Amino acid sequence: MALGQIIRERREQMKLTLDEVSNRIGFSKPYLSTIETSKVKNPPSDDLLNKLEEVLGFEQGLLLHIAHLERMPSDIRQKYETAEAEVQKWRQIVKNVIDKEVSPNKLGKLVSKKKLKMKQDRVPLSAGRLVPVINKVSAGYPRDFNDLDYPVGIADDYIRCPDVHDPNAFAVRVVGDSMEPKFSEGDIVIFSPAAEVNSGDDCFIRFTMPHETTFKRAFFESKDKVRLQPRNDKYAPAIVEGKRINGIYRAIIKHEIL
């Protein structure tokens, strides 16, 4: 999420007008508008960002951090974010071990708690992150693909997602045509364990024994039944037992392959 968009959304959440913010911080309304719409020619000063943090209730230093990242040359920022992604990855692994959610000899076997809906701690606002592309997922019926070979945050490839702030978000490349026309072969789809899952959402579903995954619309038919519905009408839906599912995550962003 761009700096201007972050500032505008917080201002609107607080039901403040540009005039009100302008009067409080001593900068003109037109200039604030150019910041919010990312049309400003020169980066906002640290003094202005400090005042916005105070008036809009941001954590001290957050807007400065985001602005400084945006000022970085793209190659330097890529190196920084890659290093940060690695640090976050190992922090998560250590936390899982400490919390006894993942034993040391099974670090690569458990990616999520065995719940259809997962609750995560509130994630602080940040400048976005590099999301791991864990592997390919079939958009057809479940196949012999075991994504559990990838511990949380570890992958062979990453994709930059400035609008994603969930530290456990992950991405997959779509295989097959059963989710067309919305999702096509080769599209990269981002999933967030922190996002609430509702009946009818496009979801990444993980099964237990055998460890398989698939990408479908998930409809909660009853307490113990889930209907996995392809978007492509030429494929039939499948009804599965809820106890077979140990992870279900909503799609939040699609990156099309041009």
When (1) modelled with pLDDT under 80; (2) more than 26 Å from ARG160 (Cβ to Cβ) are applied to GLU70, the one that fails is (2)
Of LEU125, LEU130, which residue is more than 27 Å from GLY242 (Cβ to Cβ) and either modelled with pLDDT of 70 or more or surrounded by 22 or more Cβ atoms within 10 Å (Cβ to Cβ) (or both)? LEU130
For the stretch 181-195, give me each residue that is more than 18 Å from ARG206 (Cβ to Cβ) and either touching a Pro at 6+ places or on another chain (Cβ under 9 Å) or not assigned by TED's automatic domain parsing to the domain that holds ALA218 (or both). none
Go through the stretch 24-49 and report how many residues are surrounded by 12 or more Cβ atoms within 10 Å (Cβ to Cβ) and not β-branched (Val, Ile, Thr). 13
I'd like the full set of residues that are exposed (fewer than 15 other Cβ atoms within 10 Å of the Cβ) and β-branched (Val, Ile, Thr), limited to the stretch 9-23. THR17
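Which of the residues spanning the stretch 8-39 are among the charged types (D, E, K, R) and part of a helix (DSSP H, G or I)?
Within the stretch 8-39, ARG8, GLU9, ARG10, ARG11, GLU12, ASP19, GLU20, ARG24, LYS29, GLU36 qualify.
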Restrict the check to the stretch 3-16 and report whether at least one residue is within 22 Å of LEU130 (Cα to Cα) and of a type in the set (S, T, N, Q). yes
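The values are calculated or read from the model by the stated rules, or taken from the named source; none is laboratory data. The structure presented is a predicted model; accordingly, all values stated were derived computationally and were not measured. Please note: Cβ atoms are built from the backbone with ideal geometry, for glycine as well, and neighbour counts cover all protein chains shown.
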